[in-house]
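Structure first, then comments.
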Amino acid sequence: MPFETVPRQWRVRPSLPILKLIGAPGVLALGLLLADGDVLRPVLGGLTAVALAVWGARDLLTPVRLEVDADGITVPSGWTGRRRLPWSAIETIRVDRRAGRGLGGPVLEVDAGESLHLFSRQDLGADPVEVADALAAARPITD
């Protein structure tokens, strides 16, 4: 059965940016509580809180990380931009399994020659292996 022409999207789970936005004031409060007369701790807590809030806001503003249709895929570009990659520009799509330091897990790699796009389970809201299979099914067969 051929791939449906309806675009398919993968997005950040809604709970992830909410956790980031809730965590930002918590990190700031922790920096203030643990200051004990030290100026560096509240400053680091404040900077971390701002970074976490900006990261969460970006996830709310542009939750879609990957979109596929019959003509190619769309990936994030910059802070809130999007970049269209036609199938002809995509060299490989694979899942790399990285292990180590508690941050390991499968990562979807989309190699477009001059650019490499990496997506984790948190980016996609789905298993990268399943997404790679969907992308492979969507890609037209060329000789």
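The values are calculated or read from the model by the stated rules, or taken from the named source; none is laboratory data. All figures in this text were calculated on a predicted structure; none of them were measured in a lab. Cβ atoms come from the backbone with ideal geometry, glycine included; neighbour counts cover every protein chain shown.
Quick notes
- Of everything listed in (1) loosely packed, with under 13 Cβ neighbours inside 10 Å; (2) in contact (Cβ under 8 Å) with a residue 24 or more places away in the chain; (3) assigned to a loop (DSSP other than H, G, I, E, B), the single unmet condition for Ile141 is (2).
- Subset of the stretch 17-69 [part of a helix (DSSP H, G or I) and small (Gly, Ala, Ser)]: Gly23, Ala24, Gly26, Ala29, Gly31, Gly45, Gly46, Ala49, Ala51, Ala53, Gly56, Ala57
- Condition met for Asp123 (of a type in the set (Asp, Glu), more than 22 Å from Leu19 (Cα to Cα) and at pLDDT 90 or above): no
- Criterion (acidic (Asp, Glu), at pLDDT 90 or above, closer than 19 Å to Val131 by Cα and surrounded by 13 or more Cβ atoms within 10 Å (Cβ to Cβ)) met by exactly one of Asp59, Asp69: Asp69
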